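Visitor: The structure is given below, and queries will be raised subsequently.
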Amino acid sequence: MSRSAGSPSTSRRASIAASNGWCSSERRALWAQIRLNVGAFMNNLFRQGAFQGQAPKDAYFVKCDSSTTTQNDRNLGIVNILVGFAPLKPAEFVVLTLQQMAGQIQV
């Protein structure tokens, strides 16, 4: 049995895709908000002299996007955040991976 363009299965897929379209833009907005908040925190520490480096870009980074959060993690409601910084001691760059799960706050 062939399915026509207007079959229930086709229209269901189109409806699901359309209804999930908000997820992508909402996810990008969430990632941007996380980068902004964590970046502001790190910049405050930088201004207090907590890190090595002459400029913020030399002292720390915050990464939260599709490269840090796999599709499987997204499906599970998990956001991964990568934070790196150059502390005064030791002289090496320290990189932390943080994970936030939907509906949970971990401290």
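The values are calculated or read from the model by the stated rules, or taken from the named source; none is laboratory data. Just so we're clear, the structure is a prediction, and the values are computed from it rather than from any experiment. Cβ: placed from backbone, ideal geometry, glycine included. Neighbour counts: every protein chain shown.
Visitor: So how many residues does the range 83-107 have that are assigned to a loop (DSSP other than H, G, I, E, B) and of a type in the set (Phe, Trp, Tyr)?
Guide: Residues meeting the conditions: 1.
Visitor: Then there is this: Count, please, the residues in the range 21-53 that happen to be of a type in the set (Gly, Ala, Ser) and surrounded by 12 or more Cβ atoms within 10 Å (Cβ to Cβ). Lay out the reasoning, then the answer.
Guide: From the range 21-53, those of a type in the set (Gly, Ala, Ser) are 21, 24-25, 29, 32, 39-40, 49-50, 53; that's our starting set.
Retained after the next criterion (residues that are surrounded by 12 or more Cβ atoms within 10 Å (Cβ to Cβ)): 32, 39, 50, 53.
The qualifying residues number 4.
Visitor: Further question on the same structure: Quickly run through the range 35-53 and pick out the residues that are among the polar types (S, T, N, Q) and in a helix (DSSP H, G or I).
Guide: ASN37, ASN43, ASN44 - these are the residues of the range 35-53 that are among the polar types (S, T, N, Q) and in a helix (DSSP H, G or I).
Visitor: Filter the range 72-95 down to the residues that are in contact with a strand residue (DSSP E or B) (Cβ under 6 Å, 6 or more places away or on another chain), touching a residue at least 40 places away in the same chain (Cβ under 8 Å) and within 17 Å of LEU30 (Cα to Cα) and list them by number.
Guide: The answer is VAL79, ILE81, VAL83.
Visitor: Condition first: more than 11 Å from the chain's Cα centre (by Cα), surrounded by 15 or more Cβ atoms within 10 Å (Cβ to Cβ) and not in a helix (DSSP H, G or I). Now tell me which residues in the range 54-82 satisfy that.
Guide: Correct list: TYR60, PHE61.
Visitor: Search the range 32-52 for residues that are over 18 Å from ALA91 (Cα atoms) and pair each with any residue that is among the acidic types (Asp, Glu) when their beta-carbon atoms are under 9 Å apart and the residues are at least 6 apart or on different chains.
Guide: ALA32/ASP65; ARG35/ASP65
Visitor: Look at ILE34 and say whether it is hydrophobic (A, V, I, L, M, F, W, C) and modelled with pLDDT under 85. Give the derivation first.
Guide: Values: hydrophobic (A, V, I, L, M, F, W, C): yes; modelled with pLDDT under 85: no.
Judged against the criteria, ILE34 is not a match.
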